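Below you'll find the structure, written out as structure tokens, and then a few comments.
The values are calculated or read from the model by the stated rules, or taken from the named source; none is laboratory data. Source: prediction; values computed, not measured. The area values use the complete protein model at the heavy-atom level, side chains included, leaving out ligands, DNA and RNA. Shrake-Rupley method; radii C 1.70, N 1.55, O 1.52, S 1.80 Å.
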Amino acid sequence: MPAPQPDAELEQIELDLFVQALKRRHGHDFSQYAQASLIRRVRQLVHAHHCGSISALTTRLLHEPDFLTLVIQGLSVPVSEMFRDPPVFSALREHVLPILASYPQITIWQAGCAHGQEVYSLAILLEEAGLYERSHIFATDFNPDALQRAQEGIYPARDAQLWSRNYLLAGGRQSLASYYSARYDFIKLDQRLRRHITFADHNLVTDKVFCEAHLVLCRNVLIYFSNPLQNRTLALFRNSLVRGGHLCLGLRESLDFAPTAVDFTAVDANLRLYRRNSQPSSEEHDEAA
Amino acid sequence: MRRPEAIVIGCSKGGFNALKLLLGALDPQLPQTVLVCCHTASGAGVLAGLLAAHSALPVIEVGERQPASPGIVHVAPGGYHLLLEHDRHFALSVDEPVCFSRPSIDVLFGSAADTYHAALIGVVLTGANRDGADGLGQIRAHGGIAVVQAPVSAEAATMPQAALDIAGADYCLPLEQIAPLLNRLCLT
């Protein structure tokens, strides 16, 4: 005899209604997020806020003005490290910075900056290459709370050991500790690192091109998107890059299946580092235009 | 009873040796999709390569958006949670570790239960933490079959013991009897 089973159909209806409420009431569109991770996060929200069901969560989302902030925090789960995947930062240092150095002004867009670990890693990279004074980094996220945290640059001290190791593996020239001060259980990054970073609200699902970048970094964001949204986002990156500009994705993400793949050449396919072709392809894809 | 469509296996400390033995004793004709989550310091690419030398079925490391294919052992990549979409394609996530682990067995088991419902067998092998116990509970809640390595026979007893305590099991067997059980459940 089969055991009584969770009602998958009912849960799907509740999830669809929750997503619709979030979109219609608050303008946040999660309808093109990949479902497996989304349902897991929504269930965590239900559990964390003792809602009992997704429907109860939806009710609070619709009727309690302050609840949106908690929902967005729960749905964005910003987890990262400084110099995460050190070989990627080594490759940026070796292959991309020398090309960036040829521009009088350098524009970089980091999409989905979460708590800022990666954007500060970039700033350190540029600083050590002597390029930071003529660089500007746009660090964007759709989660205002994450942006706030990113600007503060304060992190748990327990993370510092791993990050220091990453930094050295990535070819760091000093000690990571020279970029932060430690106090009690926290480290605070040197505020000077912030001087060429603009933190801004940008939603990859709904917003458009806003800069002409020489490098776009977007790592471990696309894995949460459905295929059509991945394709749209990659086209958005293509349109945001100068010809010959670089694109850096997460180690498990791929450009290969997207229509815009024809517009790029791999610099290091294993590290998901690509370069926009200098010549346009016969048909550039314009989902994001 | 509905014939299982997938087998999902979780292990940690001692897991590589256990997987070698188990995968080596599976029937090469198994038509089920096999999913493996093993906490390991080395990358899954390394693990998949090593296991392939011992497995009766082909072993691959999972890539994002790949389909979960019948008759193939899919190994979760290191550093990412592995999940399944309803269309039986894989998805990855860097959400926070569960039980200090990413990939987490709980995450994979839970997602597999959402996808395969009762047509799933969950297997918890040797390991030194309690990851997998909640996931096995979800598999049972969906009507799937729970198999746990007998803790006394495990290199590390914590994981199978936690699974027994929290989820319970339909079968609790020494390692060498698990592959024959799976062959029987899957081929008859």
Could you give the spread of the C-alpha atoms of the range B:1-116 along their three principal axes, from largest to smallest, in whole angstroms? 37, 30, 24
Just check the range B:59-119 against the gyration tensor rule for me: Cα atoms, a ≥ b ≥ c as the square roots of the eigenvalues, rounded for a/c under 1.5, and otherwise prolate or oblate depending on whether a/b exceeds b/c. oblate
Checked the range A:8-76 against the a/c 1.5 cut and the a/b vs b/c comparison, axes a ≥ b ≥ c from its Cα gyration tensor; verdict rounded
nm² value of the averaged projected area, convex hull over the Cα atoms of chain A: 17.9
Report the far tail of the P(r) of the range A:21-60, meaning the percent of Cα-Cα pairs longer than 17 Å. 33
Quick one: Debye curve from the C-alpha atoms of the range A:135-280, no solvent, what's log10 I(q)/I(0) at q = 0.08, 0.10, 0.11, 0.13 Å⁻¹? -0.27, -0.42, -0.51, -0.71
If all Cα-Cα distances of the range A:112-206 are sorted into 5 Å bins from 0 onward, what percent lands in each bin, rounded to whole numbers? 3, 13, 24, 23, 20, 11, 4, 1, 0
Exposure rank, largest accessible area first [B:D165, A:D16; 1.4 Å]: B:D165, A:D16
Considering only the range A:193-279, what is the antiparallel percent among its DSSP beta bridges, to the nearest 5? 60
Computed Rg/Rh of the range B:122-176, alpha carbon atoms with Kirkwood Rh: 0.93
Under the √(5λ) rule applied to the eigenvalues of the Cα gyration tensor, what semi-axes describe the equivalent ellipsoid of the range B:47-87? Give them in Å, descending. 19, 13, 6
Size of the B/A contact, given as accessible area buried on both chains, probe 1.4 Å, in Å²: 2200
Calculate how large, on average over all directions, the projected area of the Cα convex hull of the range B:12-67 is; give the answer in nm² to one decimal. 4.0
Report the Stokes-Einstein translational diffusion coefficient (µm² s⁻¹, integer) for the range B:66-188, Rh taken as the Kirkwood radius over Cα pairs, at 25 °C with viscosity 0.890 mPa s. 168
